[in-house]
Amino acid sequence: MASGGAAISGSSATILAFPKLQVGFDRLELQRILDLYGRGVAAGEWRDYAMDFTREAASFSAFRRAAERPQARIEKRPALRGKQGMWTLFGEAGQVLKRGHELAGVLFPLERRLLKLVDDQ
């Protein structure tokens, strides 16, 4: 058994519950981020992505090309939940573009950039 983990025995499998060692995205958060990434790929803005999970933060980075700096980085830092908000959107040069308590509000600048005007002619 892993240190700090509790074993739960079933009829044919053993499931180990490990202590939380890193921050991650929940299913709905990841779905929203990947949906935006997919629209960015379809628009020709992004071609690659990376995810990083540490004890303090989880981040999702979208790249135009894999060899470049990320064009956008979304970071979840739960320690800031009670302060300026746990979500941060960083630009290509590492500048903070948006902070907030809700993921939707932080993603809005990227979503707005991906919107295309439709001509009704």
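The values are calculated or read from the model by the stated rules, or taken from the named source; none is laboratory data. All values derive from a computational prediction rather than experimental measurement. Positions of Cβ are generated from backbone atoms using ideal geometry, with glycine treated the same way; all protein chains shown enter the neighbour counts. Just the protein is used for accessible areas: all its heavy atoms, side chains included, with ligands, DNA and RNA removed. Shrake-Rupley method; radii C 1.70, N 1.55, O 1.52, S 1.80 Å.
Things to note:
- Every condition in (1) touching a strand residue (DSSP E or B) at 6+ places or on another chain (Cβ under 7 Å); (2) of a type in the set (A, V, I, L, M); (3) surrounded by 13 or more Cβ atoms within 10 Å (Cβ to Cβ) holds for residue 30 except the one numbered (1).
Yes/no matrix, rows are residues, columns are (1) within 17 Å of residue 109 (Cα to Cα); (2) free of Cβ contacts under 8 Å to residues at least 12 places away in the same chain; (3) part of a strand (DSSP E or B):
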{"position": "21", "(1), (2), (3)": "no, no, no"}
{"position": "29", "(1), (2), (3)": "yes, no, no"}
{"position": "45", "(1), (2), (3)": "yes, no, no"}
{"position": "52", "(1), (2), (3)": "no, yes, yes"}
{"position": "56", "(1), (2), (3)": "no, no, no"}
{"position": "60", "(1), (2), (3)": "yes, no, yes"}
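- Condition check for residue 112: in a helix (DSSP H, G or I), touching a residue at least 60 places away in the same chain (Cβ under 8 Å) and open to solvent by 80 Å² or more (accessible area, probe 1.4 Å): no
- Scope segment 57-81; condition of a type in the set (D, E, K, R) and surrounded by 12 or more Cβ atoms within 10 Å (Cβ to Cβ); matching residues: 64, 69, 73, 75, 76, 77, 81
- Test set (1) farther than 20 Å from residue 113 by Cβ; (2) modelled with pLDDT under 90; (3) more than 9 Å from the chain's Cα centre (by Cα) - residue 24 fails condition number: (3)
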